């Protein structure tokens, strides 16, 4: 490669980095089922009646206490331990409200014969490891051993619900969670407050952005109608000036997907316990 | 007046440029990694706190297992003696010491939990069961905390070594050293699970 080109390419890359680096993000590839509702029956072991009954109870729980409780059955653990997979799935879905981390995930993997109750940070004091262990050993596993999956899941969920409802501290009004609108505001407000700099900075940055893109096209590093990496947000985008930018968003799918139900952004540090039969 | 406006604009522009090209990234990632490290220490401490109770409970049922009980107590004392402070994560030797001491403790703890198989009374003791589930829960939390720490350190170390972070690492943040990370896998760390319900 001739030297002049590589220098140009380097300058181009520098430019791209300056403008796009903060926004670039790469989605982690990990095989998770979609959060289609409060009961996700990937393994297909629940009948419709049990499902509806559970959905109703879990929805009622969230309405009363803002606690999110999701039941999931898995076809497979994707080669992970149930502890690791449950924790990653919990975080991926973001079960529980973001501020309080009040989420519970009941994971059943019938093919690996493993079950786990994963508890969010905020409920570790209520639903302790010892309590979840008792529920799994005493309520869930005996029914699973008798091949009564719907019964075990239902009674296990009931026991968890009972524990959760016994704590009056949990009876708090549901907190609104910041949606897309708030996120956009969070980006916009700083700009609005720097009014003097706003117009000029925008024009300059946009001009330079376009320039770099053009240089890129000229160098053949970017195809003209590009299929570029999704930028999580380029504020040129949100300002409506990005005729060159691909559409992309950093707001996780859980904000949108889920057919009426979505995770609140809660997290878990591995609380709860597991069992096998 | 005009010069002032130009200066203000230039400052605003420069500020945006700097924020955009990652001047804040190294300190941000550093804080994140340190927070993850505190969580790791927190969970190891929690495990350490559970051990005396567990040893007492097992003692009541399995006097003849004195060797294991003594080993656990000693390993715990050794692990507690390892001095850990903010510099531990950037000091390979201190970090290795910490990791080895905790791994040693994990090993003997696994043996302690395994002896229950020979003592049906111990196995059905409510206190023991509660302690066991707490210990298992703590081991799992340690695994999660370690995973989070490893990921945070990976991001931080990468930022120190890659463009554009390396520019800041060479200029403003010269004292920032790469952090150490765990080399022993979670699986090796985890105490063996005892399935006491197998019929």
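Readers should treat all values here as calculations from the given coordinates under stated rules, not as data from a laboratory. None of the values given here were measured: they were computed from a predicted structure. Note that we place each Cβ from the backbone using ideal geometry, even for glycine, and neighbour counts take in every protein chain shown.
Of the residues B:11, B:101, B:114, the one that moves most in a GNM of chain B with alpha-carbon contacts below 10 Å is B:11.
Shown for A:105, B:135, A:13: other C-beta atoms within 10 Å of each C-beta, ranked fewest to most, produce the order A:13, B:135, A:105. As I understand it, the value is the acute angle between the Cα axis of helix B:2-20 and the longest principal axis of the Cα atoms of chain B; what does it come to in degrees, rounded to 10? With rounding to tens, the tilt is 30 degrees.
What's the exposure ranking of A:38, B:154, B:34, B:141, going from fewest to most Cβ atoms within 10 Å?
On the way: A:38 23, B:154 14, B:34 17, B:141 26.
Ranking A:38, B:154, B:34, B:141 by Cβ neighbours within 10 Å, fewest first, gives B:154, B:34, A:38, B:141.
Going by Cα centres, segment A:50-88 and segment A:92-136 are how many Å apart? Each part's Cα centre sits 8 Å from the other's.
For chain B, the fraction of C-alpha pairs farther apart than 25 angstrom is 50 percent. Between residue B:86 and residue A:52, the modelled labels are 6.0 nm apart [label points 7 Å from Cα along Cα→Cβ]. Structural descriptor for chain B: relative contact order 33 percent, calculated from alpha carbon pairs under 8 angstrom and at least 6 residues apart.
Each Cα pair under 8 Å and six or more residues apart adds its separation to the average, and for segment A:42-134 the resulting relative contact order is 26 percent.
Residues B:46, B:146 in ascending order of nearby Cβ atoms (within 10 Å, fewest first): B:46, B:146.
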